[in-house]
Amino acid sequence: MLISAIEPRQAIEPLYVDDTLLIFDKPGGLLAVPGRGADKQDCLSARVQVRYSDALIVHRLDMATSGLMVMARGAAAQRALSQAFAARAVSKRYIAVAAGRLEASPGEWGVIDLPIIVDWPNRPLRIVDHQHGKPSLTRWRVLGYEADGSATRVELEPVTGRSHQLRLHLRALGHPILGDALYAPPEVQARAGRLLLHAAALEFAHPLTGEAMRFTSAVPF
């Protein structure tokens, strides 16, 4: 896969830490949680738990996606944060660079409403399936274009949180993300050395105090 190499067991410092939660900026190319097999045990959660033994996963990012992740400290915080994600009380914004020119009025939000299901014969891929797929909704807007019109920088807001949702939804529009080794054709994969998708903003209420929490991460591409 065309993703940036990550040094094994490299320490990742939290952007924010308190007794209830932790915020990290996950590098592209690092698993969020362990995968199957001895070669897939190095991941963000394992590295974090070396230092914060009570840290628990609340949500995930694809291995190839970089950006903000929140982890809970203890089971009670995990339940509260998981409920906030399930209730869509967490605002997430991503930045991506998609192939071609996505036409839209400046600042105007579009909506992709396409149901998604696992492509069982080709796991872990997902497909759009209007009969059996789960409802999947993404808001998007154009931020700018390459000078030659060959790519579009877009801001994405996943209203639902299906696996591979943003990658699949943009491909369904005919504009796969540059560097996407799963959903882009070879010529689009080859245009970037990693998946150009980054979780750039995260906003939610603190599960203990109710305080509005907002975190941002600079886009590395």
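Structure summary
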| read-out | value |
| --- | --- |
| GNM flexibility winner over the chain from Arg139, Arg153, Arg36 (Cα, springs under 10 Å) | Arg36 |
| Residues Thr160 and Gln49, FRET efficiency given R0 of 25 Å [Cβ-Cβ distance, rounded to 0.05] | 0.30 |
| Distance from the stretch 14-67 to the stretch 164-201 (C-alpha centre basis), Å | 22 |
| Whole-Hz couplings from phi, Karplus 6.51/-1.76/1.60, listed for the stretch 53-68; x for Gly and Pro | 5, 8, 6, 10, 6, 10, 8, 9, 10, 4, 3, 7, 8, 9, x, 6 |
| 5 angstrom amide H check on Ala151, placed H, neighbours 5+ away | Gly100, Glu146 |
| Gain in span if fully extended, Glu108 to Asn122, counting 0.36 nm per residue against the direct Cα distance | 1.5 nm |
| Shape of the stretch 48-91, Cα gyration tensor, a/c cut at 1.5 | oblate |
| Karplus-derived HN-Hα couplings along the stretch 168-180 (A = 6.51, B = -1.76, C = 1.60, θ = phi - 60°), whole Hz, x at Gly and Pro | 6, 5, 5, 4, 4, 6, x, 9, x, 6, 4, x, 7 |
| Radius ratio Rg over Rh of the stretch 118-163, counting only Cα atoms, Kirkwood formula for Rh | 1.12 |
| Binned Cα-Cα distances of the chain, short to long, each 10 Å bin given as a whole percent | 8, 32, 37, 20, 3, 0 |
| Percentage of interatomic Cα-Cα distances in the stretch 141-221 larger than 16 Å | 60 |
| Lys40, Lys26, Lys92, Lys134, ranked by accessible area, largest first (probe 1.4 Å) | Lys134, Lys40, Lys92, Lys26 |
| Long-range HN-HN contacts of Arg88 with modeled amide H, under 5 Å | none |
| Total charge dipole magnitude, the stretch 18-149, about the Cα centre, Cβ charges on Lys, Arg, Asp, Glu only, Debye to nearest 20 | 380 |
| Neighbourhood charge, 10 Å Cβ-Cβ cut-off, centred on Ala32 and excluding it, Lys, Arg +1 and Asp, Glu -1 | +1 |
| The stretch 59-163: mean projected area of Cα convex hull, nm² | 8.6 |
| Modelled label reach - Leu15, point 7 Å along Cα→Cβ, the stretch 52-74 residues with backbone N closer than 18 Å | 56-73 |
| Residue of Ile112, Ile177, Ile95 that the Gaussian network model of the chain assigns the largest fluctuation, springs spanning Cα pairs under 10 Å | Ile112 |
| Sulfur and carbon atoms: percent of accessible area, the stretch 47-186 [1.4 Å] | 50 |
| The chain, accessible area per residue, ligands and nucleic acids excluded (1.4 Å, Å²) | 50 |
| C-alpha long axis of helix 75-86 to longest principal axis of the chain, angle in ° | 20 |
| Cα-derived Rg over Rh, computed across the stretch 13-99 with Rh taken as Kirkwood radius | 0.97 |
| Amide H contacts of Gly29 (H built 1.01 Å from N, under 5 Å, at least 5 apart or other chain) | Ala64, Thr65 |
| Options Ile112, Ala99, Phe85, ranked by Cα towards positive dipole end of the stretch 1-123, top entry (Cβ charges) | Phe85 |
| Phi-based couplings in Hz for the stretch 214-221 (Karplus 6.51, -1.76, 1.60; Gly and Pro marked x) | 9, 10, 10, 9, 4, 6, x, 9 |
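The values are calculated or read from the model by the stated rules, or taken from the named source; none is laboratory data. Treat the numbers as computed from the prediction; the structure is a model and nothing was measured. Quick reminder, even Gly has a Cβ in these numbers, built from the backbone with ideal geometry, and neighbours come from all protein chains shown. The protein model used for the area step is the full one, side chains on, heavy atoms only, and it has no ligands, DNA or RNA in it. Shrake-Rupley method; radii C 1.70, N 1.55, O 1.52, S 1.80 Å.
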